1. Answer with yes or no whether residue 49 is closer than 30 Å to residue 282 by Cα and either within 20 Å of the chain's Cα centre (by Cα) or open to solvent by less than 80 Å² (accessible area, probe 1.4 Å) (or both).
2. If the Cβ limit is 6 Å and pairs must be 6+ apart or interchain, which residue in region 303-328 that is modelled with pLDDT under 90 pairs with which residue that is aromatic (Phe, Trp, Tyr) and part of a helix (DSSP H, G or I)?
3. Taking residue 165 as the residue in question, decide whether it is under 18 Å from residue 269 (Cβ atoms) and not in a helix (DSSP H, G or I).
4. Do we have any residue at all in region 96-108 that's modelled with pLDDT of 85 or more and either within 23 Å of the chain's Cα centre (by Cα) or surrounded by 18 or more Cβ atoms within 10 Å (Cβ to Cβ) (or both)?
5. Of all residues in region 52-83, how many are under 19 Å from the mean Cα position of the chain (by Cα), among the hydrophobic types (A, V, I, L, M, F, W, C) and closer than 30 Å to residue 285 by Cβ?
6. So, in region 109-125, how many residues would count as being in contact (Cβ under 8 Å) with a residue 40 or more places away in the chain and open to solvent by less than 40 Å² (accessible area, probe 1.4 Å)?
7. Tell me the residue from 75, 45, 90, 29 that is under 26 Å from residue 158 (Cα atoms), at pLDDT 85 or above and of a type in the set (A, V, I, L, M, F, W, C), please.
8. Identify the single condition in (1) open to solvent by less than 70 Å² (accessible area, probe 1.4 Å); (2) more than 24 Å from residue 214 (Cβ to Cβ) that residue 136 does not satisfy, given that it satisfies every other one.
Amino acid sequence: MKLTSNRRIEIVAERFKWRWGVHRWFVLLFIVLGVFAARAYPPVLPHVALPAERLSGQPLFTAPVIGPFYWTNTLTAMVIADIIIIIIALVVRRAALSGQMVPTGFFGAMEAFFEAIFNLTESTAGKWAKTIFPYFATITLYVLLVNWMELLPGVDSIGIIEHADEGGHAVSQLTPGIATIVKQDGEFSLVAYVRVLSTDLNFTVGLALFSVFMTQIVGLRAQGLNYFTKFVNVKHVFSRPVFGVIDFGVGLLELVSEFSKILSFGFRLFGNIFAGSVLLFVIGSLIPVFAQSGVLMLEFFVGLIQALIFGMLTMVFMYQATQGHEEAH
């Protein structure tokens, strides 16, 4: 027996209504549990540290240039993000090879995501879209994933209790082997197992270096050795001395701007996500039950916007690198 379109809409509406009714009680239950938990164990403002905290007592190895290398909580976040990216790639690949004509579910969402990015790249970069798109899509997806990790329960809140150098708290035993820091002066602090990767300046500057370096590679591929005249232009120094000096000065400014992109990229992403994490710490310690939900929604959009900004700027700079100064005339 075939169902009419109106009947199908009614069935979907009934299912949604039932599911929302069940989920509503779960939300109410967790709110009540959160109120009692906050009264029993008042939230503590975590120790805010600019560098990533070490999880390994001894260095894993010692390199000639960087010195001793320790395992940190941001490296744990990086490994988790890499595993998630690999899982996403395998799931999408499996769905693509299945011959499914109409993508649905997670595969459909990922296709819509990459299609939107490709259309944006194509409308900006034209014939260079296929060259630039992989960098734009990879950077956006990866930065988006690591930014949204700060929304997950347990991130920055589950870890190792160690002796604090200053501003420590007391410790309360919950169960054998499990303890928590409490809102009393003491000598202990929490070192989280996982910290948001974007709050580590090493990651943001490293990603900025990769973005700027690959921009030079794309420009060199598009223009050949003529690309370097963008930075050192002495063509008209003798034929037109005034304009030749101006062109040489403009080249130096272009060189300075390439290095400034590294600082701009790295500190913009780091500053926004680190500030968001600190805001979550402060609001969670002051009003732990309701207010933090609004801040989480704000950080959801901040993480999305910062990922799109980083990816779009990389795409635009790569496209500009494919265009010579003579072509502008």
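1. On the way: closer than 30 Å to residue 282 by Cα: yes; either within 20 Å of the chain's Cα centre (by Cα) or open to solvent by less than 80 Å² (accessible area, probe 1.4 Å) (or both): yes.
So residue 49 passes the test.
2. 322/128
3. So residue 165 does not fit the description; no.
4. Residues of region 96-108 that are modelled with pLDDT of 85 or more, as a first pass: none.
So far as region 96-108 goes, no, none of its residues is modelled with pLDDT of 85 or more and either within 23 Å of the chain's Cα centre (by Cα) or surrounded by 18 or more Cβ atoms within 10 Å (Cβ to Cβ) (or both).
5. Total meeting the criteria: 7.
6. Going residue by residue through region 109-125, those that are in contact (Cβ under 8 Å) with a residue 40 or more places away in the chain are 117, 120-121, 124-125.
In the following step, the residues that additionally are open to solvent by less than 40 Å² (accessible area, probe 1.4 Å) were identified as 117, 121, 125.
Counting residues in region 109-125 that are in contact (Cβ under 8 Å) with a residue 40 or more places away in the chain and open to solvent by less than 40 Å² (accessible area, probe 1.4 Å) gives 3.
7. Values: 45 fails: at pLDDT 85 or above; 90 fails: under 26 Å from residue 158 (Cα atoms); 29 fails: at pLDDT 85 or above.
The match here is 75.
8. (2)
The values are calculated or read from the model by the stated rules, or taken from the named source; none is laboratory data. Here the structure is a predicted model, which means the values were calculated and not measured. For neighbour counting, all protein chains shown are included, and Cβ atoms are generated from backbone atoms with ideal geometry for every residue, glycine included. Accessible surface areas use protein heavy atoms only, side chains included; no ligands, DNA or RNA. Shrake-Rupley method; radii C 1.70, N 1.55, O 1.52, S 1.80 Å.
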